[in-house]
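What follows is one structure encoded as structure tokens, with my remarks underneath.
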Amino acid sequence: MVKSTAENLSPTRVKLDVEVPFEDLKPRLDQAYKTVANQIQVPGFRKGKVPARLIDQRVGRGYVVETAVNEGLNDYYQEALTQTETTPMARPEVEVTSMPGVDGEAEGPLKFSVEVDIRPEVELPDYKGLKVTVEPAAASEEDEQKALDELRSRFGTLKTVERPAAKDDFVTITLTATVGDEQVDHAEDLSYQVGAGTMLDGMDEALEGLSAGEDAVFETVLAGGDHSGEKATVKVTLGGVKERELPEADDDFAQLASEFDTIDELKADLKEKAAEGAVTGQGVEARDKVLEELVKLVEVPVPDSVVNEQIEQHFSQQGHSEGDDHDTAEHRAEVESNAREAFRNEIILDKVADAEEVGVDQGELIEYIISTSQQYGMDPNQFAQMLDQAGQVPMIMGEVRRRKALAKVLEYAVVTDTAGKAVDLTAFVTPGGEDSAASADSADSADSADSADSAPSADSPAEAEKAPAKKAPAKKAPAKKAPAKTAAAAKSEAEGSADAEEATAKKAPAKKAPAKKAPAKTAAAKSATTKAPAKTAAAQKAEAEADGGEKAPAKKAPAKKAPAKAAAAKKAPATSADKAADTAE
């Protein structure tokens, strides 16, 4: 039986000393001899029948013992974790200190030590009755008019105009990108809305003020293709300018755009939806402030190795090199801050979930998957399959559980508005309300630049079952991001809403007033001159299959070397990293 002891090196790191008796190692040693016997040929002996003593002479006992150790190391490590009740946060660093017949007695024990980052133990404070103040929930006339104008824009038509391009105009452009003297990309007759920000940095500024037939040259960093991350000179030529002409807000429009017969009925409905949106925005504000107050009450130590891995993976995955315009000291500090904040949030909310005995049922998981799949424009079944294949389902369950825990804290909170009026958030925190325990927008609690890149998975069973490795970094949790438009929707808008020109007569139900946050737009094309947002591993794989090709896997931070004498460890299945949009960019 494996004997193990644990020594706390810090609140987030532990050292395990493990001893495996020779009798427990011997079955694997015997199997190693059989394996080697089938790999070598010795005159006078059939393959697989070479005696152990000859193998020791020709191959060396040390090689056989190392083979046996490598085969059993993961099992011994897992047993040590169980004995010491240790929950690892990352792949451990292993050092074998004694192997029988190599640097120990012939039938002596196998001894090795493990250093690994662990989940810190925190004492949960009294989180019931936290007091926060929020803005009153009131929709202004501007909010109501904005909702009406957005609905009108969906049924607008594009009209060619003879004037310089301005913000929100739809233009036809030709792009040519060069790096040095080499032309690296060229695209003609692209449709783009000025100010959309879905292409290259500097594009919008270059387009504003240009007339049809004119061109402009600007410097930028390419966002895709073989030259991603490189500085390039881009020439943009404007082919034409169109502006969106909105339909008159009258009874005819109400009948065209909604289920209502008059414009007054439509406006009344939009006013009601704007009020509901204001209440939802108030709930989001209260939830975020409650989380801030909760985090202030708990000191959570954060493992540096987990944060460093998050930072390196963020920048390497984005295809940027150290020192370029993206990988700056300020941006690294921002990513680090978000990583630490997200880690603290996870640890605290997991503790709350334990205290409240929060669980996740199948319906809640399905609801989350459906909601997230819609953000990527994917079929829910296909999205669920991708998550399962990537091993992300346990991590997603943890995310939904934390959201429910935060909703519970908000339920206990005392919320008032700036006028001193008590705020009732019952509909916001209970299932069926505007923002139930696992609603899609509850990720705002960790919302800041690159917060998606800073959410390490702390509770996934896959993390606890990782085999000992030589300082390989831990994997990330999936990205938490604001709802994004589907690729089809973004492309339709970028191409100038061609269908809108035909003034379709289809009816569409009135939409709710937009949520507090504007959705991120996805890029319409995949090229060096198109800014492509980060997506989850599942979304990337599904997109690659749809395109009939494969995407390159995300780059990982380089593994660190183990100390001398460390036996090569058996690798465990790697979990998938989930990236969200880099909002800081």
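The values are calculated or read from the model by the stated rules, or taken from the named source; none is laboratory data. The model shown is predicted, which means the values in this text are computed figures rather than measured ones. Cβ: placed from backbone, ideal geometry, glycine included. Neighbour counts: every protein chain shown. In case anyone asks, the SASA skips ligands and DNA or RNA and just uses the protein heavy atoms, side chains included. Shrake-Rupley method; radii C 1.70, N 1.55, O 1.52, S 1.80 Å.
Rounded to a whole number, what % of the accessible area of the range 210-263 do carbon and sulfur atoms account for, probe 1.4 Å? It is 44 percent, rounded to a whole number. A straight line joining the Cα centroids of the range 93-147 and the range 374-426 runs 19 Å. Surface exposure of the range 42-105, expressed per residue as accessible area with a 1.4 Å probe, stands at 50 Å².
Taking the Cα centre of the range 106-263 as origin, sum charge times position over the Cβ atoms of Lys and Arg (+1) and Asp and Glu (-1), and report the length of that vector in debye to the nearest 20.
Details: 14 positive and 38 negative charges, 70 e Å.
In total the dipole reaches around 340 debye.
Would you work out if the range 268-415 is rounded, prolate or oblate? Take a ≥ b ≥ c from the square roots of the eigenvalues of the alpha-carbon gyration tensor; rounded if a/c is under 1.5, else prolate when a/b is larger than b/c, oblate otherwise. Because its axes are fairly even, with a/c under 1.5, the range 268-415 counts as rounded. Between Ala333 and Lys296, the modelled label-to-label distance comes to 2.4 nm, taking each label 7 Å out from Cα in the direction of the beta carbon.
Taking one equal scatterer on every alpha-carbon of the range 88-207, how large is log10 of I(q)/I(0) by Debye at q = 0.14, 0.16, 0.17 1/Å? With no solvent term, the Cα-only Debye profile gives -0.88, -0.98, -1.04. Pairs over the 29 Å Cα-Cα cut-off, from the set Lys34/Lys111; Lys231/Lys289; Lys273/Lys408; Lys3/Lys296: Lys231/Lys289; Lys3/Lys296.
Given contacts defined as C-alpha pairs under 8 Å and at least six residues apart, what's the relative contact order of the range 211-288, whole-number percent? It would help to have the intermediate numbers written out before the result.
Values: 67 pairs, mean separation 15.2, N = 78.
Taking the mean separation of contacting Cα pairs over the length of the range 211-288, I get 19 percent.
Surface composition of the range 361-413: carbon plus sulfur atoms contribute 48% of the solvent-accessible area (1.4 Å probe, protein chains only, all chains present). Each Cα pair under 8 Å and six or more residues apart adds its sequence gap; the mean of these over the residue count of the range 294-427 is a relative contact order of 23 percent. Taken along the Cα-to-beta-carbon direction at a fixed 7 Å, the label points for Glu272 and Ala422 span 2.8 nm. Whole Å is fine, so just give me how far the alpha carbon centre of the range 8-57 lies from that of the range 194-243. Using only Cα atoms, the two centres lie 62 Å from each other.
Taking 0.36 nm per residue of separation and subtracting the Cα-Cα distance, what length does fully extending Ala187 through Glu135 add? Display every interim value, and only then the final one.
Details: separation 52, 0.36 × 52 = 18.72 nm, distance 4.75 nm.
Net length gain for the segment: 14.0 nm.
Ranking Leu25, Leu9, Val94 by Cα position along the charge dipole of the range 1-125, where only Lys, Arg, Asp and Glu carry charges on their C-beta atoms, puts Leu25 farthest toward the positive end. The mean sequence separation of alpha-carbon pairs under 8 Å and at least six residues apart, normalised by the residue count of the range 1-125, gives a relative contact order of 33 percent.
Round to a whole number: what % of the accessible area of the range 76-129 belongs to carbon and sulfur, probe 1.4 Å? Present the calculation step by step, with values, prior to reporting the outcome.
Numbers: 950 of 2410 Å².
C and S fraction of accessible area: 40 percent.
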